[in-house]
Amino acid sequence: MPEHEDPAFVGDHKGGADGAVENPEERARQVCLRLLTLAPRTRAQLADALRKRGIPPETADEVLGRFEDVGLIDDAAFARAWVESRHYSRGLAGRALSAELKQRGVAADEIRAAIEERLGPDAEVSAARRLIDRKLASTRGLPPEQRTRRLAGLLARKGYPAGLAFRVIREALEAEGDLAFPEDEPPFDEAELDTE
């Protein structure tokens, strides 16, 4: 298969022995199965893929409904797996995870439930500490304000609230013996961090 081809498109227009185009329901089923074979998907992602392939909306809804009924599509399970995977592999905070899941079409209540279930009360704090511990050595020798900005930027990009970020940074710098932690206002305010 050429690199530029979307695997979900391959075979979309194959017909039977006479070359006739398959019916839309069969095409929708095949597209969904191919996409789900590659990676877990949300209902919204599959609906979008079917829309792009010209599958009528009522046919798409029917096929997606059947896939949900048999458990091939489960947005709640997708959200739980996504939160666990992305939090532990990339160190993302609840806010960043929420934005990613929202972008993938997961409902707000399912996002909230997944984050509450998978991220314990101390999970974000310990993940922030691990991120800071890994980055701290590369900032040695820089002025404290610059170190703080770099470390805060790292945590901000991963969705951590400014208050938590500065508390963790202060603890790390104090533990290292760099007691010149800037006492002034943070170099950015929380309003700038709001990604929602």
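Descriptive notes on the structure:
- Mean Cβ neighbour count within 10 Å, used as a protection proxy, ranking 81-88, 166-173 highest first: 166-173, 81-88
- Taking label points 7 Å from Cα along the Cα-to-Cβ direction, Glu171 and Arg51 give a separation of 4.4 nm.
- Cα point-scatterer Debye curve for the stretch 75-118, base-10 log of I(q)/I(0) at q = 0.15, 0.22, 0.29 Å⁻¹: -0.26, -0.57, -1.02
Coordinate-derived values only; no laboratory data. For clarity, every value in this text was computed on a predicted model and none was experimentally measured. As a convention, Cβ positions derive from the backbone with ideal geometry for all residues, glycine included, and neighbour counts pool all protein chains shown.
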